[in-house]
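**Q** Can you keep this structure in mind? I'll have questions shortly.
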Amino acid sequence: MIKPRSNILALTPYSSARDEYKGRSASVFLDANESPCGVGSGQAYNRYPDPLQLQLKSAIARVKGVKENSIFLGNGSDEAIDLLFRAYCEPRQDNVVAIEPTYGMYSVCAQINDVEYRRVNLDDAFNFSADSVLAAADGNTKLIFLCSPNNPTGNNLSREEIVRCIRNAQCLVVLDEAYIDFSIDNTFLRQLGEYENLVVLQTFSKAYASAGIRLGMAFADEEIINVLNRIKYPYNINQLTQEQALEVLSRHGDIQEQVAVILQERERMSIALRNIEGVQTVYPSDANFLLVRMADAKKAYNDLVDKGIIVRNRSHIALCGNCLRITIGTPQENNILLSVL
Ligand SMILES: *Cc1c(COP(=O)(O)O)cnc(C)c1O
């Protein structure tokens with residue numbers, strides 16, 4: 001098992017009032033210096049939320065088919081990414097390896113934590129080989145970041161290569177599945193029990209239509225989850241978020257319907273964009289966005305901004321020269337984009 005930094009192993013975690021009474025039945029709570037009164041209508045937000053979010057984890061465990069103690073919840077996936085650096089990477093000594101191009105937060109967290117970030121370029125088809133990623137790793141590599149479907153390229157990484165990478169890595173492999181609900185490929189959650197060095201990230205921000213509540217999920221071996229729980233802020237998921245997430249999970253059918261519409265729109269947009277002047281390539285996508293190579297991305301971007309339409313210009317990113325990343329919106333929003341282009 002991959003060991004966290006020695007200071008993390010040695011620390012005494014913060015013990016909250018609620019941790020200490022541990023759910024024995026009680027009706028008078030004078031332990032946490034909360035206000036005894038709520039304000040305004042509705043729920044009693046005068047109380048601290050459950051530090052371990054047990055009710056929410058039990059609902060997530062049911063939907064995802066995993067054990068509750070293999071779930072960590074963070075203030076977005078971004079919190080889990082940052083905590084993995086803080087738990088496992090010694091600043092100025094350890095390094096991490098990631099495919100390139102990919103999601104920007106891995107390298108931002110590496111810089112914040114003063115950890116070397118090694119990039120391994122994808123090939124022309126935006127795929128990767130386990131060999132090239134593992135060749136960039138050494139004895140001080142603590143995390144490998146893979147993202148499938150990948151942002152901003154939109155494609156799935158090869159499942160065999162992901163497996164080869166997990167099997168042969170001497171460190172944790174963080175597989176970011178933020179877009180898995182839009183993908184034809186299956187999640188790696190079924191494989192969690194097979195690989196003690198696998199961390200799967202998912203989020204409420206994309207298919208679950210809840211970017212505003214800031215809720216990310218990390219799934220891994222219980223030992224890794226315990227490490228993250230030791231170092232997180234005690235009440236990292238607020239009460240409003242926990243309640244809304246339960247509501248979203250109870251409407252799983254709605255989410256599936258919305259995803260189906262987005263997938264239809266992705267196909268429609270992919271074809272329509274191909275027939276527009278100035279569009280050179282619409283890359284295949286397994287996510288809720290399209291990467292589109294333009295004759296002149298900067299001009300297209302500025303023309304769209306002038307009409308109040310914002311897309312992402314990815315031109316300066318490796319392998320993405322003259323590329324725009326366009327999120328699939330509502331049918332109406334997509335039509336506006338097409339008409340302006
Ligand atoms: C959008 C996105 C996330 C989500 O991050 P949150 O902090 O959960 O909103 C994670 N990973 C990738 C690759 C993304 O594109």
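**Q** Take the residue pairs K142/K206; K142/K232; K22/K232; K57/K206; K22/K57; K67/K142 and return only those whose Cα atoms are more than 21 Å apart.
**A** K142/K206; K67/K142
**Q** Taking each pair of different alpha-carbon atoms in the chain once, compute 1/r for the pair, average those values, and report the inverse of that mean as the Kirkwood hydrodynamic radius in Å to one decimal.
**A** The answer is 21.7 Å.
**Q** Specify the angular offset, from 0 to 90 degrees and rounded to the nearest 10, of the alpha carbon long axis of helix 77-88 from the longest principal axis of the alpha carbons in the chain.
**A** 70
**Q** Helix 297-306 against the longest principal axis of the chain: what's the angle in degrees, Cα atoms only, rounded to the nearest 10?
**A** 70
**Q** May I pose another question? Please get the size of the charge dipole for the chain, origin at its Cα centre, with Cβ charges of +1 on Lys and Arg and -1 on Asp and Glu, quoted in debye to the nearest 20.
**A** Taking the Cα centre of the chain as origin, the dipole is about 220 debye.
**Q** For the chain, what does -39500 (n - 2.57) per DSSP helix run (n ≥ 4), summed and divided by total residues, give at 222 nm, in deg cm²/dmol to the nearest 500?
**A** -10500 deg cm²/dmol
**Q** Once all Cα-Cα distances of segment 1-149 are split into 5 Å bins that start at 0, what whole-number percent is in each one?
**A** Using 5 Å bins, I get a P(r) of 2, 7, 13, 14, 15, 14, 12, 9, 6, 5, 3, 1, 0 for segment 1-149.
**Q** Over the chain, what percent of the accessible surface lies on carbon and sulfur atoms, probe 1.4 Å?
**A** Taking all protein chains in place, the chain shows 49 percent carbon and sulfur surface.
**Q** Could you point to the residue in F219, A209, L192 farthest towards the positive end of segment 174-226's charge dipole, with +1 and -1 charges on the Cβ of Lys/Arg and Asp/Glu respectively?
**A** It is A209, whose Cα lies furthest towards the positive end.
**Q** Let me ask something else about it. Please give every one of the aspartates and glutamates within straight-line cross-link reach of K299, meaning a C-alpha to C-alpha distance under 14 Å, and leave out same-chain neighbours fewer than 8 residues apart.
**A** Leaving aside aspartates and glutamates fewer than 8 places away in the same chain, those within reach of K299 are E277.
**Q** Separate question: Might you tell me the accessible area per residue for the chain, computed with a 1.4 Å probe and given in Å²?
**A** Ligands and nucleic acids excluded, the figure is 48 Å² per residue.
**Q** On to the next question. Nothing charged except the Cβ atoms of Lys and Arg (+1) and of Asp and Glu (-1): what's the magnitude of the dipole of segment 49-164 about its Cα centre? Round to the nearest 20 debye.
**A** Roughly 440 debye for segment 49-164.
**Q** Another question about this same structure. Hey, got the dipole for segment 177-283? About the Cα centre, +1 on K and R Cβ, -1 on D and E Cβ, debye to the nearest 20?
**A** Its charge dipole is roughly 320 debye.
**Q** Based on the alpha-carbon set only, what is the convex hull volume of segment 77-167 divided per residue, in Å³?
**A** Hull volume normalised by residue count: 88 Å³.
The values are calculated or read from the model by the stated rules, or taken from the named source; none is laboratory data. Every value quoted in this text rests on a predicted model; they were computed, and no experiment measured them. Quick reminder, even Gly has a Cβ in these numbers, built from the backbone with ideal geometry, and neighbours come from all protein chains shown. Ligands, DNA and RNA are stripped out before the accessible areas are found, and what is left, the full protein with its side chains, is counted by its heavy atoms. Shrake-Rupley method; radii C 1.70, N 1.55, O 1.52, S 1.80 Å.
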